[in-house]
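To keep things clear, I will list the structure first and then write my remarks on it.
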Amino acid sequence: MKNSISTPVDRLDGPEKASGRAIYTDDIRPDGLLYARTLRADRPRARILHIRLPDIPVGYFIVDKNDVPGHNRIKMLEDDWPFFAEEVINHVGEPILLVVGPDREKVNVILHGIKVEYEDLPAVLSIKDAIAAKNPIFGDDNCFASYQFQKGDPDPVFTDAKTIIKGEFKTGYHEQAYMEPQGVIGNYVNGKLTVTGSMQCPYYVKNAMVQLTGFPENQVQIIQATTGGAFGGKEEYPSLLAGHVAIAAIKTGKPVKLVLERGEDLAVTTKRHPSISRYRSAVDENGRVIAMEADITLDGGAYAGLSAVVLQRALFAAIGVYDIPNVTVRGRVLSTNQVPSGAFRGFGAPQAFFAVEMHMEQIASELGMNPLTFKEIHLVKQGDTTATGGLLRDEIKIREMLSRVLKMSDYRKKEGIFASGNGRFRSGIGLGLYLHGCGFTGKGEDTIHGTATIRKLTEDRAEILVSNVEMGQGAQTTLRKIVATTLGLPIQNIDYPNPDTDRVPDSGPTVASRTVIIVGHLLESAAKELKARWNENETFSVSKSYRHPSYIKWNQDTLQGDAYPAYSWGVVAVEVQVDTLTYETTIKKVWTVHDVGVAIDEDIIRGQVEGGILQGLGYASIEVMDTANGAYRQHNFTDYIIPTAVDAPVIESELVDNPYEYGPFGAKCAGELPIAGAAPAYAAAVSRALGIPVHEIPVKPEALIKGLKE
Amino acid sequence: MSQTIQFNLNGKAVFLKTDPMRRLLDVLRDDFSETGVKEGCGEGECGACSVFLNGKLVNSCLVAVGSITGMNVETIVHFQHTQAYRIIEQAFSDAGSVQCGFCTPGMVLAAYALLKENPDPDETDIREAISGNLCRCTGYNMIVDGIKLAAKKGDGKW
Ligand code: FES
Ligand code: FES
């Protein structure tokens, strides 16, 4: 039965965006505006010996570490990431100082007139280097974080096993490529600092500004401007940029804007962590995996950032959607002198899903079993436990979803026909099976205790006060629909202005696919209460703070228990055709089914599914990003190629309803989920089309040629 | 090297004294507050900065303002008041074609450029027509659906 809330409505932010009336950060032009540009390190690791400045004309300013009134470190998990470089720079593009002034051309001229003298230091430029480094650049082992946990008793199983199958899987950098480059504007008036910008997490920025300036909380205000896509790329990085304009505004007493050019954005902002995963599985005589060991290593780049949590999500996804009785999972994220890696839709999970899905393919093929059958017999079911020993207590519909995808794609028939292909064009079809743990990983939700508020404005109008942002994903429509439906008001009568930290409580950041399941749930319960008390007063507010349902148990020290309160699920089939003359791969079509609990709006979910799948297909195929001496070799969309409308396949997409008790109207999470399965499904399809193993994404033509030779 | 340049912006003659090498994109945004024209890449790859130049769709980040003397520039700011725009906007709403919106004004203009030439485009025509416009949010299919719907609703009256 379809829930009536799922019926699509017109997006309320559609018309102002389509007509160009929506105001993004770079469209804001206050009087007296100054422009900032950043002087950046041109090498991966060096000591700054001397900075030689040209003459600075009146009205132009240099802003650097000496102007910081508080602590020159971005507030995150570790206090290691400076706003402005101090003595040593640790990655290409590291900001050293700003040039600020009224005329952008003159700012550029001054910038180019600055000379920095460096003393180069030995740099760590790869995961391999980081492991081998005798003189570590972080701690005593270059490890930002490392974890290990176990389920069952895998060691004796491996010792006794007759068949052990090993594999190594690699993934590359991946750029978010939001269409609106990063940007912020700082202002400092009467002792109050305001930063407006393109961002996912106004309170992350606020907390970072408080630490940077040492100002009391009520003298720092953060306002989100209309945000042109983010995908995780505007989770932690805007704090750094906000710090720059904040210090510049305090120094100059004028509003200061910093908007990155595309090339600069590509060169210096955080990307998805490259990974190397080693897997090992013990298989019994019936073709059952009885023990699995996963070892995942991520390249964190020069500063710790959010890497530790990214690694946790990767590790918790390490055995995919399979029921494996004995498991060892370990992983580490290493420090290198590359540009810092960071949040990107999926947050570690896509790397793990690529590895585990390809490892399952590999085991099946080495055992001579059909990969689909092999995966099917290992699928988890309700009541099974996760790798961390958490209980999968809710209904799991993945079998039904799989059968549906097989039917939609005519999978078994195609698999048979394609297996015998031997012409110039070879076809293949592959599957990805995946889940996404909803909300923060581990103790996150219990640390933040997000608070959401609804205010009754008039007899037929209410306002949503949360710090979560619309960034394209549809929060404006989804959250208003939840509140409007609960209150019984038209959706147009629910206001939801862009968050301003002076007005909204901290409902947490717009990350981890938590906006609907966590914040939406708070809004639903606040709306229920507001409705019950509606006539109490002309205007009043109801707030709710989040606690996990009491059955959720998690131990952050041992990494045991329920890492997430609920899971959303997905199955995707990808059909490709490879030209064996040019090694060009065409994606013919995609079929997919998701369980996101209940869709609050089917159009919004379809948009998330299709956008996420195409981003995942790009990750697996054409989106190549690599480095030379610590700098990305790709400089713009001319050489970092993302899919166009011509590359995009038709995607047949369906949903199954599977309401979650604590989600608003039964909804779970959706934003990140769809990206996880597309890459392994694509890689499996290519692998089968050519009959060669694929262990690495992006799948490059060179790798296919090499694979065929072998 | 400043120079006086005259062109027609959204139906009105405008004059400005400026460096002829400046990008039309910057002139529109900075000198005429046409902020509906977006900068996504600055290198002619994304189509966010699309405008009509003498009726032809161009990337304004690749056009030097000195090269358009006497020409007609039409931007989304003006186009949004046309009947054609209203049809496309409604179709985009119905089809769920808009997410973050940063690519959308460019997509709308590209859709119109196609429909004016080819009021009954097939799927391939549509994909080709917007292949110079990058969108990272939608995966494109819901934009393609929006343009199909606009073609149907516009019924050849472009
Ligand atoms: S900004 Fe002109 S094409 Fe991208
Ligand atoms: S809607 Fe965001 S780039 Fe197209």
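The values are calculated or read from the model by the stated rules, or taken from the named source; none is laboratory data. Given the structure is predicted, the values throughout are model-derived calculations rather than measurements. No Cβ is skipped: glycine too gets one built from the backbone with ideal geometry, and neighbour counts run over all protein chains shown. The accessibility values were calculated without ligands, DNA or RNA, using every heavy atom of the protein model including side chains. Shrake-Rupley method; radii C 1.70, N 1.55, O 1.52, S 1.80 Å.
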Which condition breaks for A:R533 when tested against (1) under 20 Å from A:S6 (Cβ atoms); (2) of a type outside the set (A, V, I, L, M, F, W, C); (3) open to solvent by 30 Å² or more (accessible area, probe 1.4 Å)? (1)
Residue list for region B:131-158, restricted to those being surrounded by fewer than 24 Cβ atoms within 10 Å (Cβ to Cβ) and within 16 Å of ligand 1 (Cβ to nearest atom): B:S131, B:G132
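Looking at region A:10-117, what strands (runs of 3 or more DSSP E) fall wholly within it and have at least 2 residues that are more than 18 Å from A:A249 (Cα to Cα)? Don't jump to the end; show me each part of the working.
Values: elements: A:34-40, A:46-52, A:61-63, A:95-101.
In region A:10-117, the matching strands (runs of 3 or more DSSP E) lie at A:46-52.
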Sort out which residues of region A:631-671 are in contact (Cβ under 8 Å) with a residue 60 or more places away in the chain, of a type in the set (D, E) and within 14 Å of chain B (Cβ to nearest Cβ), and write them in order of number. A:D647, A:E652
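Would you confirm whether any residue within region B:121-130 is under 19 Å from B:H78 (Cβ atoms), open to solvent by less than 10 Å² (accessible area, probe 1.4 Å), modelled with pLDDT of 95 or more and within 11 Å of ligand 2 (Cβ to nearest atom)?
Let us first name the residues in region B:121-130 that are under 19 Å from B:H78 (Cβ atoms), namely none.
Within region B:121-130 (the criterion being under 19 Å from B:H78 (Cβ atoms), open to solvent by less than 10 Å² (accessible area, probe 1.4 Å), modelled with pLDDT of 95 or more and within 11 Å of ligand 2 (Cβ to nearest atom)), the answer is no, since none of the residues qualifies.
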Looking only at region B:131-146, count how many residues are within 19 Å of B:G44 (Cα to Cα), within 8 Å of ligand 2 (Cβ to nearest atom) and free of Cβ contacts under 8 Å to residues at least 40 places away in the same chain. 2
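Among the residues of region A:282-292, which ones are surrounded by fewer than 24 Cβ atoms within 10 Å (Cβ to Cβ) and in a strand (DSSP E or B)? Please lay out each step first, then the result.
Going through region A:282-292, the residues surrounded by fewer than 24 Cβ atoms within 10 Å (Cβ to Cβ) turn out to be A:282-288, A:290.
Answer for region A:282-292, where residues must be surrounded by fewer than 24 Cβ atoms within 10 Å (Cβ to Cβ) and in a strand (DSSP E or B): A:A282, A:V283, A:I290.
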Can you pull out the residues in region A:614-653 that are surrounded by 24 or more Cβ atoms within 10 Å (Cβ to Cβ), within 24 Å of A:H695 (Cβ to Cβ) and of a type in the set (A, V, I, L, M)? A:L614, A:L617, A:A620
Could you please let me know if A:E415 is in a helix (DSSP H, G or I) and in the same structural domain as A:G612 (by TED's automatic domain parsing)? yes
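Given the residues A:N493, A:N498, which is the only one that is at pLDDT 95 or above, closer than 24 Å to A:A670 by Cβ and surrounded by fewer than 19 Cβ atoms within 10 Å (Cβ to Cβ)? Spell out how you get there, then give the answer.
Values: A:N493 fails: closer than 24 Å to A:A670 by Cβ.
Answer to the selection: A:N498.
Just give me the residues in region A:405-433 being open to solvent by 90 Å² or more (accessible area, probe 1.4 Å) and not aliphatic (A, V, I, L, M), in sequence order. Explain how you work it out, then say what you get.
Filtering region A:405-433 down to residues open to solvent by 90 Å² or more (accessible area, probe 1.4 Å) leaves A:407, A:412-413, A:417, A:422, A:424-425.
Listed by number, the residues that qualify are A:K407, A:R412, A:K413, A:N422, A:R424, A:F425.
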Is it true that B:T82 is without any contact (Cβ under 8 Å) to a residue 40 or more places away in the chain, more than 13 Å from ligand 1 (Cβ to nearest atom) and within 10 Å of chain A (Cβ to nearest Cβ)? no
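Suppose we filter region A:371-415 for residues that are free of Cβ contacts under 8 Å to residues at least 24 places away in the same chain, within 20 Å of A:V572 (Cβ to Cβ) and not β-branched (V, I, T); how many remain?
5
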Test each condition in (1) out of contact with any strand residue (DSSP E or B) (no Cβ under 8 Å at 6 or more places or on another chain); (2) of a type in the set (A, V, I, L, M, F, W, C); (3) more than 20 Å from A:E105 (Cα to Cα) for B:C41 and report the one that comes out false. (3)
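I'd like to verify a number: residues in region B:121-142 that are part of a helix (DSSP H, G or I) and at the interface with another protein chain (Cβ under 7 Å from one of its Cβ atoms), how many? Talk me through it step by step, then tell me what you get.
The first filter runs over region B:121-142 and keeps only residues part of a helix (DSSP H, G or I), leaving B:123-129, B:141-142.
Among the residues that remain, those that are also at the interface with another protein chain (Cβ under 7 Å from one of its Cβ atoms) are: B:127-128, B:141-142.
Looking only at that region, the number is 4.
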Among the residues of region B:56-73, which ones are away from ligand 1 (no atom under 16 Å from the Cβ) and under 23 Å from B:E117 (Cα atoms)? B:M71, B:N72
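Can you find a residue that is of a type in the set (V, I, T), modelled with pLDDT of 95 or more and surrounded by fewer than 24 Cβ atoms within 10 Å (Cβ to Cβ) anywhere in region A:233-247?
no
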Subset of region B:30-55 (residues that are within 11 Å of ligand 1 (Cβ to nearest atom) and either more than 10 Å from the chain's Cα centre (by Cα) or over 18 Å from A:G228 (Cβ atoms) (or both)): B:E39, B:G40, B:C41, B:G42, B:E43, B:G44, B:E45, B:C46, B:V51
Extreme residue, nearest to A:L260 (Cα to Cα), among residues of region A:19-49 that are within 14 Å of another protein chain (Cβ to nearest Cβ) and among the polar types (S, T, N, Q): A:T25
Please go through region A:374-404 and give me each residue that is among the charged types (D, E, K, R) and open to solvent by 10 Å² or more (accessible area, probe 1.4 Å), ordered by number. A:E376, A:K381, A:D384, A:R393, A:D394, A:E395, A:K397, A:R399, A:E400, A:R404
For residues in region A:71-104 being of a type in the set (A, V, I, L, M, F, W, C) and open to solvent by 30 Å² or more (accessible area, probe 1.4 Å), which is nearest to A:Q211 (Cα to Cα)? A:M76
What do you reckon, is B:I87 within 8 Å of chain A (Cβ to nearest Cβ) and either in contact (Cβ under 8 Å) with a residue 12 or more places away in the chain or within 16 Å of ligand 1 (Cβ to nearest atom) (or both)? no
Just one of (1) open to solvent by less than 10 Å² (accessible area, probe 1.4 Å); (2) away from every other protein chain (no Cβ under 12 Å) trips up A:D579, so point out which. (1)
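Have a look at B:D125, B:D155 and point out the one that is under 30 Å from A:A678 (Cβ atoms) and of a type outside the set (F, W, Y).
Numbers: B:D155 fails: under 30 Å from A:A678 (Cβ atoms).
Sole residue among the options that is under 30 Å from A:A678 (Cβ atoms) and of a type outside the set (F, W, Y): B:D125.
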Listed by first then second residue, the pairs whose first member lies in region A:239-262 and is in the same structural domain as A:T213 (by TED's automatic domain parsing), whose partner is hydroxyl-bearing (S, T, Y) and at pLDDT 95 or above, with beta carbons under 6 Å and at least 6 positions apart or on separate chains, are A:S239/A:Y204; A:A249/A:Y188; A:I250/A:Y188; A:K257/A:Y35
